[in-house]
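Remarks on the structure that follows.
Rule-based calculations on the coordinates, nothing more; no lab input. Remember, predicted model here, so these are calculated numbers, not experimental data. Cβ placement follows ideal geometry from the backbone for every residue including glycine, while neighbour counts extend to all protein chains displayed.
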Number of protein chains: 2
Amino acid sequence: MFVKHLPHKTVERLSQYRRTLLLILSKEKTHVFSHEIAQMLHITPVQVRRDLMLIGYSGNLRKGYDIKELIEMIGKIIDTEKGQKVAVVGLGNLGKAFISYFKGKRSKLTIVAAFDNNPYKIDKVYDGVPCFHVDRISEIIKRDNISIAIITVPSEQAPVIAETLVLAGIKGILNYTPKPLNVSPYVYLEEYDMITSLEKVAFFAKKNDERFK
Amino acid sequence: MFVKHLPHKTVERLSQYRRTLLLILSKEKTHVFSHEIAQMLHITPVQVRRDLMLIGYSGNLRKGYDIKELIEMIGKIIDTEKGQKVAVVGLGNLGKAFISYFKGKRSKLTIVAAFDNNPYKIDKVYDGVPCFHVDRISEIIKRDNISIAIITVPSEQAPVIAETLVLAGIKGILNYTPKPLNVSPYVYLEEYDMITSLEKVAFFAKKNDERFK
DNA sequence: AGTAAATGGTAAATGGTCAATACAATAGTC
DNA sequence: GACTATTGTATTGACCATTTACCATTTACT
C-alpha cells in the first residue's frame, strides 16, 4: 500500500476502527455505514469517510463498507506483512497490565519477551511471555528480531534502558516513564505520562465545574 | 488566577514543568533559565516562555525564573486550593500500577479509594488505598467528595461504571478502557487506549524504517 | 559611555487537524 | 422517472500548536 502521508490522528483512528469492526464482525452483519462507525466512536461520519478516503478504500454506495474487507485493508496499511515483535521492559504492575491487556488481541503485533532486574521474575513466564534479565536486552532483541519496546521501568532507569534498546536496533519505543527520553531520529518515540494525564483531567474538571456552577 | 483559556498541551507541559522543577529544587540552584527547562524536556525555550507567558509569570532577565515561585505559580493555576480526591475503579494490574506510581507524588491530588468486584480484594488496603465493592461507588464518592475517577475495569463494564460515576457527581474521568464513553458535557472526559498507542508506534516505526533503509 | 551577549517578551507566519458545508454520482425504491 | 440514502470529494473557516523572527532589557566588559 502506498500512502503518502497519514496524519497521526488518522492512524490512531484507523486502529480504533479496526478494533470496533472486529467486535461487530461476529454478528450477522457484513456491511457497515460510515455513520454507524462514527456513532460507535463518537465522531462524525465525514471524519470516517475522510480517513477511509486517505487509505484508498471505497465502500459500496448502497450497502456501506464491507466489514471484512475494511479490516483487511486497514491491516494492509498499519500492519507489516510478517508482523512486528514487541518487548516489555519492566515487569511491574504496568508491564503486567500491558501483557494481560494485550493477550490474544492482535495477531500481527505480539509481545514475545519481558525484561526485569528482579531475580524472582527472571526466567519465569508471565501470561505466556518469558521474562529475562535486563542485561540480556541486546542479545534477545537481536536474536528474536524485536522491533518495538514498551518501557515501564522506574523513571531513573529509563534513559539507560532506552540507550540499550536503540543500540540493539529497536525501531519504536513507547515510554510510560515520566522521564523524557533522547533517542536517535531513526527511532520513533512516543511518550505518555499517567500523572500528567491525571493532572490534566483534574485541571479541566475544575474548570468545567467552575463554568457550570 | 484568571486565565482566559489554556490550551490542552500547555496544561500538560505545565504539569511537566512543575515535576521537573521539583526535581532540581533540592539542589542549591534557586533560578532556572528557559533554555534549561527546555533542554530537560526536549522542547524549545520559546515554547517554555510562551507557556509561562500564558499563565502570566515573568522571569528575571539575568537570573531566569525563580524556581520556587514558578512551582507555586503553576500550582495556583492547575491545583485547587483544597485539593481534589481521586478514585480508581478496577484494582487490576493497571489500577495497582496507577496507585503505586502515584504514591506520595502529588499533595493536592490524592487517591482515596479503589473499587473492584473481586471479593478477595474488597475491604483490603492496597498501598494505603482502601478497596470497596463497585456497588458502593455512589455512596463513597458522595461521602468522601471524590471528584476524579480513573477507569481501569474490563471494557465491557466501562459504560455502566461511567454512568454510575456521572450520576454520583464525578467531575472528571480518565478512561483507560478501549470502549469510548458517553458522558454528560459537564464532566470532563479523557480517553487513552494503550493498544491504539502501541499500534501507532508500530506504524510509524515501520514507516521510519522504510524511509531510512 | 559604548557595545556585545544573553535572555525574556511578544508578534507573525506556518502547518496540522477538524467541523461544517456543499454537491455530484450512484444505486436502490416507489 | 423522481426520490432517497449513501459515498466520495472539495472547500472553507476556525482553532491550536509550533516555529520563526524581532524587540527590549539587563549585564558584563572594554
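Summary of computed values
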read-out: Across A:200/B:82; A:85/A:142; A:68/A:105; A:206/B:179; A:85/B:207, pairs whose alpha-carbon gap is larger than 19 Å; value: A:206/B:179
read-out: Spin-label pair residue B:136/residue B:43, simplified geometry with 7 Å Cα→Cβ offset, distance in nm; value: 4.1 nm
read-out: Gained length - residue B:105 relative to residue B:143, 0.36 nm times residue gap less alpha-carbon distance; value: 11.3 nm
read-out: Label 7 Å beyond Cα on the Cβ vector: residue A:156 copy-to-copy distances, nm; value: 4.3
read-out: Label distances, nm, residue A:8 versus same residue in remaining copies, Cβ-directed 7 Å point; value: 1.1
read-out: Chain A: DSSP helices with Cα axial extent of at least 24 Å and average Kyte-Doolittle hydropathy no lower than -0.5; value: A:8-25, A:194-212
read-out: Between the stretch B:4-26 and the stretch B:40-104, the Cα center-to-center distance that results, in Å; value: 4 Å
read-out: Cross-link reach list, aspartates and glutamates versus residue A:76, counting only Cα pairs under 16 Å and skipping chain neighbours closer than eight places; value: A:12, A:51, A:66, B:199, B:210
read-out: C-alpha center-to-center spacing [the stretch B:182-201, the stretch A:168-199] in angstrom; value: 18 Å
read-out: Amide H partners (placed H, <5 Å) of residue B:88, local residues excluded; value: B:113, B:114, B:115, B:150
read-out: Relative contact order, percent, the stretch B:129-213 [alpha-carbon distance under 8 Å, six or more residues apart]; value: 24 percent
read-out: Rounded FRET efficiency, nearest 0.05, which uses the C-beta distance separating residue A:118 from residue A:182 and R0 of 22 Å; value: 0.25
read-out: Computed label-point distance, nm, for sites residue A:211 and residue B:25 using a 7 Å Cα→Cβ extension; value: 3.0 nm
read-out: Residue B:72/residue B:163 FRET efficiency (R0 60 Å; Cβ-Cβ; nearest 0.05); value: 0.95
read-out: Residue A:126 long-range amide H proximity, modeled H, under 5 Å; value: A:131
read-out: Relative contact order of chain A, defined on C-alpha pairs under 8 angstrom at six or more residues apart (%); value: 13 percent
read-out: Cα gyration tensor shape of the stretch A:60-213, rounded if a/c is under 1.5, else prolate or oblate by comparing a/b with b/c; value: oblate
read-out: Residue among B:195, B:71, B:122 with the largest mean-square fluctuation in a Gaussian network model of chain B, springs linking Cα atoms under 10 Å; value: B:195
read-out: Inter-copy separations for residue A:69, label at 7 Å along Cα-Cβ, nm, ascending; value: 6.5
